[in-house]
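Student: Let me give you the structure first, and then I'll get to my questions.
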Amino acid sequence: MQAVKAEPVKIRCCGPHPDKAYSAGCGRVMSIFYAYKCLYCGFYFCARCAEKHFGKTRAEHNEEMKAAGKYLGNF
Ligand SMILES: [Zn+2]
Ligand SMILES: [Zn+2]
């Protein structure tokens, strides 16, 4: 048995629109625990780019959930 140093997996943000030619990746590197993966394109984003990629901020999403009576709290 060999001791393996646990390195958290690092993800580099692809930028808000990695599927578009005009997008420049923001290049932020973060632990996989803070990265957001798009269900559709499979790219990883930081929180700010994820909001842009998905087209709304979490605050806006929360307001929509509140209006619909489905707000479960900030997460
Ligand atoms: Zn996507
Ligand atoms: Zn980013």
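The values are calculated or read from the model by the stated rules, or taken from the named source; none is laboratory data. Everything numeric in this text was worked out from a predicted model, so none of it was measured. Counting neighbours? That spans all protein chains shown, and the Cβs are built from the backbone with ideal geometry, glycine included.
Student: Answer with yes or no whether E63 is acidic (D, E) and in contact with a helix residue (DSSP H, G or I) (Cβ under 7 Å, 6 or more places away or on another chain). Break it down into steps so the answer makes sense when it comes.
Tutor: Numbers: acidic (D, E): yes; in contact with a helix residue (DSSP H, G or I) (Cβ under 7 Å, 6 or more places away or on another chain): no.
No; evaluated as a whole, the condition is false for this residue.
Student: Moving on. Exactly one condition in (1) more than 12 Å from the chain's Cα centre (by Cα); (2) part of a loop (DSSP other than H, G, I, E, B); (3) modelled with pLDDT of 90 or more is not met by G15; state its number.
Tutor: (1)
Student: So, one more: Of the residues G25, G42, only one is more than 10 Å from ligand 1 (Cβ to nearest atom) and either in a loop (DSSP other than H, G, I, E, B) or under 26 Å from G73 (Cα atoms) (or both); which?
Tutor: On the way: G42 fails: more than 10 Å from ligand 1 (Cβ to nearest atom).
On inspection, the qualifying residue turns out to be G25.
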